[in-house]
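Engineer: I have a structure here, written as structure tokens, and I will follow up with some questions on it.
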Amino acid sequence: MTGWVAQALRARAAGSRRGVLQACRRGLDVLDEHRTTLGAPELRARVSEQGAELAALAQEAALASGGARRLLEWSERWRAAALAAPAARPPEDPGLLADLTSFREIASRAEEARRDGRPVPALEREQRRLEREIRARTLRARGGGAGDGRRLDPAALVERLERDGGQLVELVVLDDRVRVLLCGGGRVRRFAGGRLSRAVAEAELVQAGLRRLAHPGGAARLPLLEAAGRRLEELLLGEAAAELGPGPVVVVPPGRLHRVPWALLPSLRERVVSVSPSAGTWLRARETAPPPTGRHVLVRGPGLATGGAEVPELTDLYGRLTLLEGDGARAGAVLRALDGASLSHIAAHGVFRADNPLFSSLRLADGPLTVHDFERLERSPYRLILSSCDTARLAPVGADELLGLVTALLPLGTAGVVASSAPVNDAAVVPLMLALHKGLACGLSLAEALRDARAALPGDAVHQATGWAFTAFGAA
């Protein structure tokens, strides 16, 4: 890798853009080959940092050439590359399964002790020990072999968008400046955005506003939140906002902007909007066929303020149905039901672990169901709806990669996820979820159903903020 960086720098000094791109291509091929030997998603994501300098040199050369398609191609060459490699399931290690079960038990006991006001240092020490052991075991997993070698073909992407009648917005960042690549209408165009650092600061303010509006009494903050949405649109879309046309929009943001509630932006507020880690990931999800079973799964975890009140209402909506609740909503049973399901809805508390994102979890009857557990699925649900707080939060790692539940599921067969990137009001979630499923039952996609569900909510601040907090990921 270092050698190819040197070659690229030498070519740049000689004024040869072709030489720069050739060296970057060869160096990133080395990185791709190495990535396929790694089975752990964490290692696959983190290793991308080794290619950051090569990717930046290639993007710089592509930008200087003036071709928007070339800039798109090179941005995609490096973005969410860990998701393009074939999924590698954890090894069939009885010790790993035992550790995951022990971790779930210890974490459940620690949570119960905290609720009762009892001391938990010993339980926390044992939980940390188990986390270290699980992580060590998963990091040793071997890769799933070479991928199919496909790179994003901008022409194929534009053709797919043309058939769908939509547009894709990819945000590329160079030297803290956002470049907006608008794909659709048979072409790829480039627009100028604002500074990434300012957009990140605005996104943090928006997240704080959503947290406040999840509780009654915060209505006075709604105008501030809407003003922040307007500023975000100016920074992230610029003049491209006026060129989006009437169809659906796919947004491909950099890792640092994964928590932006895109439905808050004025030009996207009444649109069908979905988000994807990369254009290639969206295209693969668009080509993913649903399972033939048509099986639906509803899961209701413990401790929700409303008790997961939408779940009983949904049981009459679907014919072939698996319902897991109460003591039946245990990790093993839930994983067996989710494997290969057509549509799954999980009402369970979400916990995001910024320190160790693969231990982010959903709370079930016997303890937390972690990302490590989901990775053991043969095929994850084709569509997944997570109706509780923080289930869409992701941790930026490596160069421009993301770790979390959503990115763990996409390589395993999930084509679409609806989840929240912020705390939400449990009571306001219920009508949103009911309206969302009503749209799905009528044949709409997740993004279409979510757009219509937001429009059906009452107009008060709590319900509006709840609708904005949820995002449709993928293409289903």
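Bear in mind that the values in this text are calculations on the coordinates, not laboratory data. The shown structure was predicted, so the numbers you read here are calculated from the model rather than taken from an experiment. Reconstructed Cβ throughout: ideal geometry from the backbone, glycine too, with neighbour counts over all protein chains shown.
Engineer: With each run of n ≥ 4 DSSP H residues scored as -39500 (n - 2.57), what mean residue ellipticity at 222 nm is computed for the chain after dividing by its residue count and rounding to the nearest 500 deg cm²/dmol?
Structural biologist: Values: 18 runs with 215 residues, N = 476.
-14000 deg cm²/dmol, from helical runs alone.
Engineer: Report, in whole Å, the centroid distance computed from the Cα atoms of segment 336-411 and segment 49-74.
Structural biologist: Spelled out, the Cα-based centre of one part sits 32 Å from the other.
Engineer: In whole Å, largest first, what are the principal axis extents of the Cα atoms in segment 221-376?
Structural biologist: 52, 38, 33
Engineer: Sticking with this structure for a sec: Express in nm, to one decimal, how much length is gained between Ala14 and Arg163 on full extension, taking 0.36 nm for each residue of separation and deducting their alpha carbon distance.
Structural biologist: Details: separation 149, 0.36 × 149 = 53.64 nm, distance 4.30 nm.
Here the segment from Ala14 to Arg163 would lengthen by 49.3 nm.
Engineer: To continue, here is another question. Once you put a point 7 Å from the Cα of Glu313 and another 7 Å from the Cα of Ala98, both along the Cβ direction, what distance in nm separates them?
Structural biologist: 4.6
Engineer: Still on this structure, please answer the following. List Arg284, Arg129 from most exposed to least, where exposure is judged by having the fewest other Cβ atoms within 10 Å.
Structural biologist: Fewest-to-most ranking of Arg284, Arg129: Arg129, Arg284.
Engineer: A follow-up question, please. According to a simple spin-label model (label point 7 Å from Cα along Cα-to-Cβ), what is the distance in nm between Ala208 and Val30?
Structural biologist: Here the answer is 4.5 nm between the modelled labels.
Engineer: What residues have an amide H closer than 5 Å to that of Arg269, excluding those fewer than 5 places away on the same chain, when H is modeled at 1.01 Å from N in the peptide plane?
Structural biologist: Excluding prolines and chain starts, which carry no amide H, there are no hits.
Engineer: On full extension of the chain, what length is gained from Arg379 through Ala122, given 0.36 nm per residue of separation minus the C-alpha to C-alpha distance?
Structural biologist: Details: separation 257, 0.36 × 257 = 92.52 nm, distance 3.68 nm.
Using 0.36 nm per residue and subtracting the Cα-Cα distance, I get 88.8 nm.
Engineer: Here's another thing I want to ask about it. By how many nm would the segment from Ala305 to Ser197 grow when fully extended, if each residue of separation counts as 0.36 nm and the alpha-carbon distance is taken off?
Structural biologist: Values: separation 108, 0.36 × 108 = 38.88 nm, distance 3.65 nm.
Length gained, Ala305 through Ser197: 35.2 nm.
Engineer: What number in nm² do you get for segment 2-83 if you take the convex hull of its Cα atoms and divide its surface by four?
Structural biologist: Numbers: hull surface 19.6 nm².
Projected over every direction and averaged, the Cα hull of segment 2-83 covers 4.9 nm².
Engineer: What's the exposure ranking of Tyr382, Tyr318, going from fewest to most Cβ atoms within 10 Å? Can you show the working numbers first?
Structural biologist: Details: Tyr382 24, Tyr318 20.
Ascending number of Cβ neighbours within 10 Å: Tyr318, Tyr382.
Engineer: Oh, and also: On a 0 to 90° scale, report how tilted helix 446-456 is relative to the longest principal axis of the chain, with both axes built from alpha carbons and the result rounded to the nearest 10.
Structural biologist: 60
Engineer: Hey, of (1) 142; (2) 199; (3) 130, which did the structure itself give for volume of the Cα convex hull per residue in Å³ when calculated?
Structural biologist: Here the calculated entry is (1).
Engineer: Between Arg230 and Ala354, how high is the FRET efficiency from 1/(1 + (r/R0)^6) when r is the Cβ-Cβ distance and R₀ = 30 Å? Nearest 0.05. List each step's numbers first, then the result.
Structural biologist: On the way: r = 29 Å, r/R0 = 0.95.
According to the calculation, E is roughly 0.55.
Engineer: Cα axis of helix 2-13 to longest principal axis of the chain: angle in degrees, 0 to 90, nearest 10?
Structural biologist: Around 40 degrees separate the two axes.
Engineer: Let me ask something else. Please report Ser361, Ser274, Ser267 as a ranked list, fewest other C-beta atoms within 10 angstrom at the top and most at the bottom. Before the final figure, lay out the partial values.
Structural biologist: Values: Ser361 26, Ser274 29, Ser267 18.
Ascending Cβ contact count within 10 Å gives the list Ser267, Ser361, Ser274.
Engineer: What angle, in degrees between 0 and 90 and rounded to the nearest 10, separates the Cα long axis of helix 121-139 from the longest principal axis of the Cα atoms of the chain?
Structural biologist: The two axes meet at around 40 degrees.
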